[in-house]
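Reviewing the structure listed below.
The values are calculated or read from the model by the stated rules, or taken from the named source; none is laboratory data. Computed from a predicted model, the values in this text were never measured in an experiment. Heads up, the Cβs are rebuilt from the backbone with ideal geometry, glycines too, and the neighbour counts pull from every protein chain shown.
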Amino acid sequence: MPDDARANLCPAHVAIIMDGNGRWAQQRGRPRLFGHHAGARRVREIVKACPDMGVKYLTIFAFSTENWKRTQTEVAGLMALFRKYLEREANDLFESGVCVRFIGDRIRLDDKLVTLMDELELRTAGNDRVHLTVALNYGGRDEVTRAAQRMAVEVEQGRLHYKDVDAETLAGFLDTHVLPDPDLVIRTSGEARISNFLLWQSAYAEYEFVDTLWPDFTAAEFSRVLASYGKRDRRFGAVRA
């Protein structure tokens, strides 16, 4: 592909591991939750930037299955922040044409938060300008395990034959079954690991690890990362002729 044509490519689906909120706050002598609040404001900016940048699907890693290991104070503060964010942003997300989905296991989340999630999903289901997926109490291994369990029930009850199980079948039982696989995964804060995020879906995704802490990750930097992606040669295991 010519360089000028490749430069015009834009990932349809971008997934982001929003890392560095706590360190951002500590650098300023503030509690970690101060950084999480700043990070939530950054989410709003990035979501709003997506349509103009050609990004149709945005998936953000908000809280992992491993994050329960953090202090009770931080976990409680994060849950309160999630509730406040959904209450505060619901109208704007709807009016901006954002379709919101949540992935992850909801069983450990409190009833009020789950109700807000359900209501926002239902309210924005008809929107199509941007598809925002929030990974909340999410882990890639946990997702595949839950998918395998649901698939096993179908086999056990005779609705699915084990010989018909293939990669496409399993993908249909994942939390993300209605979404395209991510083209680009971004991790902020200088860490170079994927932290159990979208393990199945990111098999052929491009990765970009940036040093910027999430609260400082502006729309302008987002645009630069997307431009860099446009210069990559994606072959999906094939050899370019």
*Before we move on, is E121 among the charged types (D, E, K, R), within 28 Å of P180 (Cβ to Cβ), touching a Gly at 6+ places or on another chain (Cβ under 8 Å) and surrounded by 12 or more Cβ atoms within 10 Å (Cβ to Cβ)?*
no
_Taking the criterion of being assigned to a strand (DSSP E or B), in contact with a Ser or Thr (Cβ under 7 Å, 6 or more places away or on another chain) and either modelled with pLDDT under 95 or of a type outside the set (F, W, Y) (or both), would at least one residue in segment 188-206 satisfy it?_
no
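Could you pull out the residue among G172, G126, G139 that is under 29 Å from K69 (Cβ atoms), modelled with pLDDT of 95 or more and of a type outside the set (S, T, N, Q)? Steps first, please.
Values: G172 fails: under 29 Å from K69 (Cβ atoms); G126 fails: under 29 Å from K69 (Cβ atoms).
Going through G172, G126, G139 in turn, the sole match is G139.
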*Sort out which residues of segment 129-147 are of a type outside the set (A, V, I, L, M) and out of contact with any Pro (no Cβ under 8 Å at 6 or more places or on another chain), and write them in order of number.*
H131, T133, N137, Y138, G139, G140, R141, D142, E143, T145, R146
*Pairs under 7 Å by beta carbon, first residue closer than 18 Å to L199 by Cβ in segment 145-167, partner hydrophobic (A, V, I, L, M, F, W, C) and surrounded by 14 or more Cβ atoms within 10 Å (Cβ to Cβ), six or more apart or different chains?*
A147/L170; A147/F173; A147/L174; R150/F173; M151/L160; M151/V165; M151/L170; M151/F173
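Okay, residues lined up against (1) of a type outside the set (K, R); (2) out of contact with any helix residue (DSSP H, G or I) (no Cβ under 6 Å at 6 or more places or on another chain):
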site	(1), (2)
H131	yes, yes
R141	no, yes
A148	yes, yes
E154	yes, yes
Y162	yes, no
E168	yes, yes
L184	yes, no
R187	no, yes
I194	yes, yes
_Total residues in segment 58-93, condition among the small types (G, A, S), touching a residue at least 40 places away in the same chain (Cβ under 8 Å) and either over 28 Å from R193 (Cα atoms) or part of a helix (DSSP H, G or I) (or both)_ = 1
*So D175 fits all but one of (1) within 17 Å of D105 (Cβ to Cβ); (2) surrounded by fewer than 16 Cβ atoms within 10 Å (Cβ to Cβ); (3) charged (D, E, K, R); what number is the exception?*
(2)
*Filter segment 59-79 for residues that are more than 16 Å from D19 (Cα to Cα) and aliphatic (A, V, I, L, M); which is farthest from the chain's Cα centre (by Cα)?*
A76
*Looking at (1) more than 16 Å from P215 (Cα to Cα); (2) without any contact (Cβ under 8 Å) to a residue 12 or more places away in the chain; (3) among the charged types (D, E, K, R), which is the one condition that is false for R28?*
(1)
*Considering segment 62-75 alone, what residues qualify as being surrounded by 13 or more Cβ atoms within 10 Å (Cβ to Cβ) and under 13 Å from H36 (Cβ atoms)?*
A62, F63, N67, R70, E74, V75
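In segment 117-151, what residues are of a type in the set (G, A, S) and part of a loop (DSSP other than H, G, I, E, B)?
If we filter segment 117-151 for residues that are of a type in the set (G, A, S), which is where we start, we get 125-126, 135, 139-140, 147-148.
Answer for segment 117-151, where residues must be of a type in the set (G, A, S) and part of a loop (DSSP other than H, G, I, E, B): A125, G126, G139.
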